[in-house]
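Asker: Got a structure for you, questions after.
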Amino acid sequence: RKEVEQDPGPFNVPEGATVAFNCTYSNSASQSFFWYRQDCRKEPKLLMSVYSSGNEDGRFTAQLNRASQYISLLIRDSKLSDSATYLCVVSGWGSQGNLIFGKGTKLSVKP
Amino acid sequence: NAGVTQTPKFQVLKTGQSMTLQCAQDMNHNSMYWYRQDPGMGLRLIYYSASEGTTDKGEVPNGYNVSRLNKREFSLRLESAAPSQTSVYFCASSPRSSSYNEQFFGPGTRLTVL
């Protein structure tokens, strides 16, 4: 079983749509969860951390279900500028700060 | 603050050639990482340095060596490049050796091995 699995995508949505990304992880000992955003031919950048109680940052909402080992990201009122690849990231082995990255889901927001 | 910088941005090598990828961070971070990103594979950890003076293997260390030159700099060396090492290489840094901390990435080095 892959350590971090994401929806394969791509997701093609119109401006203003709501889109949801899902992610599952295999290591029940993982303690930290993140969503990163990666623009085409650029480096990954942190979008938001994911907390057990769920968290929201403007149009973005992240949820964590530890029992199901499932993470989600909801984007409301999609903008053209949201077009990117979204990476689900969880903490890996040991406590050395290692992170395990999903392969990412590509989002394309159309006018 | 420049954040994490990497040189070179692009490189083409012939099989068997060697090269060193340079990475530096000016955020006073303790931990630094080297990843490679291949189409359909996602980011994979090559080596990491939890703190100055220490280095450890990641998921895909074969064919690479690293040096943590000082707190700021972490280099990745390919001793004898192979076509399978064609990839985009990202360096990252993190404030502490803890998985609770986000990692900050450099702009990447696009390497082609012919």
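The values are calculated or read from the model by the stated rules, or taken from the named source; none is laboratory data. Everything numeric here is computed off the predicted structure, so don't read it as measured data. Cβ atoms come from the backbone with ideal geometry, glycine included; neighbour counts cover every protein chain shown. All accessible areas refer to the heavy atoms of the entire protein, side chains included, with ligands and DNA or RNA removed. Shrake-Rupley method; radii C 1.70, N 1.55, O 1.52, S 1.80 Å.
Asker: Roughly how many percent of the accessible protein surface of region B:8-81 is carbon and sulfur, given a 1.4 Å probe and a whole-percent answer? All intermediate terms of the calculation are to be shown ahead of the outcome.
Answerer: Numbers: 1600 of 3520 Å².
The value for region B:8-81 is 45 percent carbon and sulfur by accessible area.
Asker: Which positions within region B:41-80 get 50 Å² or more of their accessible surface covered by the other protein chains, compared to the chain by itself, with a 1.4 angstrom probe?
Answerer: B:Leu43, B:Tyr48
Asker: For region A:48-93, what does the accessible surface come to per residue with a 1.4 Å probe? Please give it in Å².
Answerer: 44 Å²
Asker: Sequence gap at least 6, Cα distance under 8 Å: using those rules, report the relative contact order of region B:31-114 to the nearest whole percent.
Answerer: Here the relative contact order equals 28 percent.
Asker: With θ set to phi - 60°, apply the Karplus curve 6.51 cos²θ - 1.76 cosθ + 1.60 along region B:45-56 and write out the HN-Hα couplings as whole Hz, x wherever there is a Gly or Pro.
Answerer: For region B:45-56, the Karplus-derived couplings read 7, 8, 8, 9, 10, 5, 7, 4, x, 10, 9, 9 Hz, x marking Gly and Pro.
Asker: If you don't mind, there's one more thing I want to ask. Pairs of Cα atoms under 8 Å, at least six residues apart: use those to get the relative contact order of chain A, whole percent. Provide the component values of the computation, followed by the final result.
Answerer: On the way: 268 pairs, mean separation 40.5, N = 111.
Computed value for chain A: 37 percent relative contact order.
Asker: Something else about it: Chains B and A: how much accessible area gets covered up at their contact, both sides added, probe 1.4 Å, in Å² to the nearest hundred? Write out the running numbers ahead of the final one.
Answerer: Values: alone 6050 and 6350 Å², together 10500 Å².
Result for this pair: about 1900 Å² buried.
Asker: Moving to a separate point now. What is the Cα coordinate range of the protein assembly as shown on the first, second and third principal axes, sorted by size from largest, in whole angstrom?
Answerer: That gives 49, 39, 36 Å along the principal axes, largest extent first.
Asker: Rounded to the nearest Å, what's the spacing between the alpha carbon centres of region B:57-83 and region B:17-55? Just the number, please.
Answerer: Cα centres, region B:57-83 to region B:17-55: 7 Å.
Asker: Still on this structure, please answer the following. Suppose every Lys and Arg Cβ carries +1 and every Asp and Glu Cβ carries -1, with no other charges. What dipole size does chain B come out with about its Cα centre, to the nearest 20 debye?
Answerer: 160 debye
Asker: Okay, moving on. Over the Cα atoms of chain B, how large are the radius of gyration and the largest Cα-Cα distance (Dmax), in Å?
Answerer: 13.2, 40
Asker: Now for a different question. Hey, in chain A, which Cys have no second cysteine's beta-carbon closer than 4.7 Å?
Answerer: A:Cys40
Asker: Ok, one more. Cα convex hull of chain A: mean projected area in nm², to one decimal?
Answerer: Mean shadow area of the hull around the Cα atoms is 6.9 nm².
Asker: Show B:Glu73, A:Glu43 ordered by accessible area, largest first, where the area counts protein heavy atoms only and the probe is 1.4 Å.
Answerer: Greatest to least solvent exposure: B:Glu73, A:Glu43.
Asker: Rounded to the nearest 20 debye, what is the charge dipole size of the protein assembly as shown about its Cα centre when +1 sits on each Lys and Arg Cβ and -1 on each Asp and Glu Cβ? Mind dumping the intermediate values first?
Answerer: Details: 24 positive and 18 negative charges, 74 e Å.
Here the protein assembly as shown has a charge dipole of around 360 debye.
Asker: Could you please state how large a percent of the accessible area of region A:1-90 is carbon and sulfur, counting protein chains only and using a 1.4 Å probe? Don't skip to the end; give the middle numbers.
Answerer: Working: 2120 of 4500 Å².
C and S fraction of accessible area: 47 percent.
Asker: Please compute, for peptide A:78-90, the average count of beta-carbon atoms on other protein chains lying within 10 Å of each residue's beta-carbon. All intermediate terms of the calculation are to be shown ahead of the outcome.
Answerer: Values: counts 0, 0, 0, 0, 0, 0, 0, 0, 0, 2, 1, 5, 1.
Average neighbour count from other chains, rounded to a whole number: 1.
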